[in-house]
1. With angles folded into 0 to 90 degrees, how steeply does helix 154-169 sit against the dominant principal axis of the chain? Use alpha carbons for both and round to 10.
2. Residue-wise, which Karplus ³J(HN,Hα) couplings in Hz belong to the range 69-85, taking 6.51 cos²θ - 1.76 cosθ + 1.60, θ = phi - 60°, and x for glycine or proline?
3. Using the Cα centre of the chain as origin and beta-carbon charges of +1 (Lys, Arg) and -1 (Asp, Glu), tell me which of Ile121, Ile229, Gly49 is placed farthest towards the positive end of the dipole.
4. Please turn the phi angles of the range 24-36 into ³J(HN,Hα) values with the Karplus equation 6.51 cos²θ - 1.76 cosθ + 1.60 (θ = phi - 60°), one per residue in order, whole Hz, x for glycine and proline.
5. Test of understanding: in a Gaussian network model of the chain with alpha carbons linked when under 10 Å, which of Ala90, Ala102, Ala198 would top the mean-square fluctuation ranking?
6. Quick one: Kirkwood hydrodynamic radius for the chain, alpha-carbon pairs, angstrom, one decimal?
7. Using per-residue counts of other Cβ atoms within 10 Å, averaged over each peptide, order 107-113, 117-123 from highest down.
8. Just read off the accessible area of Glu224 with the full protein assembly in place, 1.4 Å probe, to the nearest 10 Å².
Amino acid sequence: MVKKELTEAEIAESIPDLWQPLTQQQRELLAQNFTIQKYKKNETIYCEGETPENLMCLLNGKVKIYKDGVGGRSQIIRVIKNKEYFAYRAYFAEENFVTAAAAFEPCTMCLIPMPVIIKLIMENANLAMFFIKQLSKDLGISDERTVNLTQKHIRGRLAESLLFLKETYGVEEDQCTLSIYLSREDLANLSNMTTSNAIRTLSNFAAEKLIIIDGRKIKIIDEEKLKKISKIG
């Protein structure tokens, strides 16, 4: 773990949503307990069953939250984007992690001990409201995703995953290529299907000129058609 001394301005830029509602005294407490951590590609961030200790905020990179299922197959629950907070729900619930997290690519994130967060929440109603809103949004996304992954057919699930990745991470300068290069296995795990089904369906999408595949790069050509496929399920 890298203990990095940052100025208050740098911390404020890193975690604006947390920083903004705090008083000066609360900001000083946060700054004293602000730690920077770097992770390598594919490195585990936390494991299922571990005891949560820190609030995490992704500063750069990409992170997957996943759960190992039957037969060793993983299910990617969600993906984390820059300036997004995670790893705190289990602490609030007074339970161990029910998921695991790993880096899709090299990541930098900040860690703040949860007891410090709890102290700040007890003192600051605006900060408490921020976390209530975050948890409420996450629950809504989770509910919708559960329905989509269980009720949609394979084509609908994969189309939705491609659109979800575009919405989450954006595209490169060509305005078409997804800014995240997933393995076929990760894409399958995100879409709740086998790797062979993901490969076959991607090939079908390419044949239908909805996407162009170049190794792990996926270029979306016909977003409207993908949206229709996703809605039909």
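1. That works out to roughly 40 degrees.
2. Each residue of the range 69-85 in turn: x, 5, x, x, 7, 8, 10, 6, 6, 6, 10, 9, 10, 4, 6, 9, 9 Hz.
3. Of Ile121, Ile229, Gly49, it is Ile229.
4. Values, residue by residue: 4, 5, 5, 5, 5, 4, 5, 4, 5, 10, 9, 10, 9 Hz.
5. Sorting by GNM fluctuation, first place goes to Ala90.
6. Details: mean 1/r = 0.0523 Å⁻¹.
For the chain, inverting the mean 1/r across all distinct Cα pairs yields 19.1 Å.
7. On the way: 107-113: 20.1, 117-123: 16.1.
The densest-packed peptide leads the list: 107-113, 117-123.
8. Rounded to the nearest 10, the figure is 110 Å².
The values are calculated or read from the model by the stated rules, or taken from the named source; none is laboratory data. Because the structure is a prediction, the values reported are computed rather than measured. Cβ coordinates were reconstructed from backbone atoms using ideal geometry, including for glycine residues, and neighbour counts include every protein chain displayed. Note: accessible area is taken over every heavy atom of the protein model, side chains too, but ligands, DNA and RNA are not part of it. Shrake-Rupley method; radii C 1.70, N 1.55, O 1.52, S 1.80 Å.
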